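Working notes, beginning with the structure itself.
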Amino acid sequence: MPRLDRLMPLLTLILAGFGVIFLLDAGPTQAVFNLGGDLPKISVAWPLVLLLSLLAGMGGEFVVRAHQRFTRSMLTPVHVGPFDWAALLPLWILPALTPTAAFAFFRLFRGEYGIVTYLGVLVATGVLLILLYVTQHGLLLGTRAQQAAAGITQTIVAYGLAFAIFAAVAFNQYRTLYAACLLLPTVTLLGYHLLHEHPHAWILALLVACILVESYWVLGFWPARFLLNAAALLLIFYGATGSLQQADESGIPRQVVTEYGLIVLVGLLVLGLAAFLLAVRPATAQAPLTLVRLRL
């Protein structure tokens with residue numbers, strides 16, 4: 001288990017930071033960065049969210065370093081120009097993306113549920129960060145069974161974060177160029193986390209990100225609800241990363257391509273059917289979800 005004397009102050013600082021962000025974001029008027037032209041306006045809350053994400057990512061290493069079984073052999077060498085240091089960078093990814101994904105997703109429902117959405121951000125962020133920090137200890141310092149369970153848990157969390165990010169991007173219906181600025185870095189990081197055991201993990205992760213950007217452009221012609229679009233992107237992301245995880249020196253086995261291809265195809269057909277049924281349902285039977293399109 002992580003040391004509570006390091007875990008609890010870290011979580012308190014992150015959640016208190018969200019309290020400041022909520023004060024800025026919950027007012028009747030929002031302060032924004034106006035980049036001019038037709039570029040999206042960016043809320044001042046987002047730079048603060050990114051700072052909290054950086055803190056959450058660094059916090060994973062901060063907590064692990066306090067363990068008595070920690071050794072410097074676990075660190076990854078980092079070389080940037082004249083600067084050299086070592087860090088547990090792979091452990092930064094999921095904790096760093098958690099505050100951003102939670103805030104982006106729950107904020108979509110602010111128009112319907114008001115202050116309850118901010119409570120959802122706090123609960124989701126706190127629970128997921130505790131889960132991630134505990135499973136990171138299991139991966140690094142646990143038994144073989146604990147490592148297997150921790151790996152499965154982190155994979156599920158990674159796909160959940162991906163869905164939250166996809167939903168936020170799909171809801172705002174950004175142009176492909178703007179969406180690419182959000183999808184490329186986040187999907188690359190998530191893809192790297194899922195493919196980190198492959199010797200060319202970064203290249204494959206970037207390839208998956210490019211596939212997701214192209215898929216987003218194609219789904220832009222599909223007049224479905226944003227949650228269905230997000231689910232379609234998640235299916236494609238799952239198919240791409242899942243098949244690449246089975247790749248070897250000779251490529252991806254044909255059986256693996258067939259299996260994941262069928263999963264993605266059947267899933268897309270189910271989503272298409274769901275979109276059709278929602279479109280033809282009589283207006284009197286609908287219970288539309290009132291959402292407010294918010295500035296980035």
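Restricting the calculation to alpha carbons of segment 133-188 gives Rg and Dmax of 15.5, 47 angstrom. Hydrodynamic radius of segment 115-256 by the Kirkwood approach over all distinct alpha-carbon pairs: 16.4 Å.
Each reported figure results from applying straightforward, stated rules to the coordinates on display, with no laboratory input. Remember, it's a predicted structure, so these values are computed and weren't measured experimentally.
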